[in-house]
Amino acid sequence: MIGIDEKLAFKSGRPTLKSIAEICGLAVPTVSRALSGASDIGQSTRDRVRQVADEIGYVPNRAGVRLRTGKTNVISLVLPTEIDGLNYSSRIIASIAGALRNSPYHLIVTPFFPDEDPIKPVKYIVETESADAIIINQIQPEDPRVKYLLERNFPFATHGRTMWSEQHPYFDFDNFEFARHATDLLAKRGRKSLLLISPPLSQNYSQNMITGMQSATKETDLFSDYFEEPTQNGTSKRLNDQLIEYLKRNPGTDGIITSTTVSAVGAINAISALGRQLGKDIDLCTKEVAPFFRQIRPEILTITEDVTKAGSFLARAALRAIDHPEEPPLQMLVTPEDTTEINTAIT
């Protein structure tokens with residue numbers, strides 16, 4: 001803690017690096033490096049400098065930082081505005097921001113809209129130099145955003161893999177294994193005819209889910225099918241209608257796999273509308289980012305993806321891409337068995 005006199009000394013003017021240096025008895029360059037998290041500055045010194053900076057109300061002059069370092073100290077998370085699964089956006093934002101908390105970087109969220117080319121906000125960030133790195137999701141196999149960023153050698157990390165994954169940082173949940181595992185769980189309940197409600201087919205993880213389900217049913221007597229979850233306005237109503245029509249045409253369907261809370265709720269509503277009983281006439285297995293269904297509908301099979309772990313890793317991967325571009329990119333692929341809780345309760 002610093003004394004009252006020291007605090008009052010800086011009340012009349014904006015605290016500077018020199019102010020912190022005087023209080024700590026350090027050189028201004030040392031203070032600057034401590035605040036930037038330099039590894040060659042001892043942890044106790046870094047902690048002391050940060051504490052003093054907080055107590056006297058020091059706020060970095062972003063324009064000055066950019067002039068000195070060429071950096072913005074900003075990482076941009078580019079997110080779609082569509083309604084997502086239960087709390088995905090808030091969880092990924094919170095986990096990335098938390099991982100950046102003790103670094104000189106801060107997080108901004110850049111939205112893009114369903115009727116907008118997803119590469120537009122990425123190009124804006126790169127061309128205006130408004131961030132030092134970008135994090136993106138909803139990854140396509142040949143994602144034009146990734147191609148663009150690789151060509152320009154701009155630091156980034158992806159939540160999902162591309163065909164160029166060896167060249168860039170990523171975190172991915174193994175959706176092939178998710179769908180394969182979900183199929184196995186439904187088979188253990190005696191289900192024979194399965195339907196996957198897939199994410200948009202243009203996205204890589206959708207293709208992984210489809211092939212995962214097909215792989216699990218290939219050498220069995222199980223039947224599998226899929227259709228694409230609607231993504232535009234009115235998703236819930238359209239999904240309910242689409243699923244009701246499908247179940248009417250295919251009354252033998254006795255198992256459904258979904259990857260979002262929205263599609264799981266749609267499946268529950270459709271099953272109920274047709275007078276069928278969930279957990280008896282038909283089973284549902286869904287992926288979720290929070291233990292929602294496991295608490296209120298224990299008859300549902302659930303596999304919980306740890307989005308918090310994803311956000312924290314993506315933040316570290318983006319920082320590595322900024323500070324050490326010469327080093328191999330940070331990459332992680334996790335399976336349901338590695339990172340999730342799996343609810344298989346039967347009521």
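Residues whose amide H lies under 5 Å from that of residue 103, counting only those 5 or more places away or on a different chain, are absent; hydrogens are built 1.01 Å from N in the peptide plane. Taking only the Cα atoms of the stretch 155-207, the radius of gyration and Dmax are 14.4, 48 Å. Rounded to the nearest Hz, the phi-derived 3J(HN,Hα) couplings of the stretch 286-299 under the Karplus curve 6.51 cos²θ - 1.76 cosθ + 1.60 (θ = phi - 60°) are 9, 8, 9, 9, 9, x, 7, 5, 4, 8, 9, 9, x, 6, where x marks glycine and proline. A straight Cα-to-Cα reach below 26 Å connects residue 123 with the lysines 71, 147, residues fewer than 8 places away in its own chain not being considered. Charging the Cβ of each Asp and Glu at -1 and of each Lys and Arg at +1, and nothing else, the dipole of the chain about its Cα centre rounds to 820 debye.
Note that the stretch 175-305, at 20 °C in a medium of 1.002 mPa s, gets a Stokes-Einstein diffusion coefficient of 149 µm²/s from its Kirkwood radius over C-alpha pairs. When 303, 282 are sorted by how many other C-beta atoms sit within 10 angstrom of their C-beta, beginning with the fewest, the order is 282, 303. Residues whose amide H comes within less than 5 Å of that of residue 335, counting only those at least five positions distant or on another chain, are 174 (H built at 1.01 Å from N in the peptide plane). Less than 5 angstrom separates the built amide H of residue 282 from those of 277, all sequence-distant by 5 or more or on a different chain. Evaluated at q = 0.10, 0.14 Å⁻¹, a Debye calculation over the C-alpha positions of the chain (equal weights, vacuum) places log10 I(q)/I(0) at -0.69, -1.08. Exposure proxy for 90, 312, 44: other Cβ atoms within 10 Å of each Cβ, ordered fewest to most, give 44, 90, 312.
Multiply the residue separation of residue 28 and residue 129 by 0.36 nm, subtract the distance between their alpha-carbon atoms, and state the gained length in nm to one decimal.
Taking residue 28 through residue 129 to full extension adds about 33.6 nm, to one decimal.
Readers should treat all values here as calculations from the given coordinates under stated rules, not as data from a laboratory. No experiment lies behind these values; they were computed from the predicted model shown. Note that we place each Cβ from the backbone using ideal geometry, even for glycine, and neighbour counts take in every protein chain shown.
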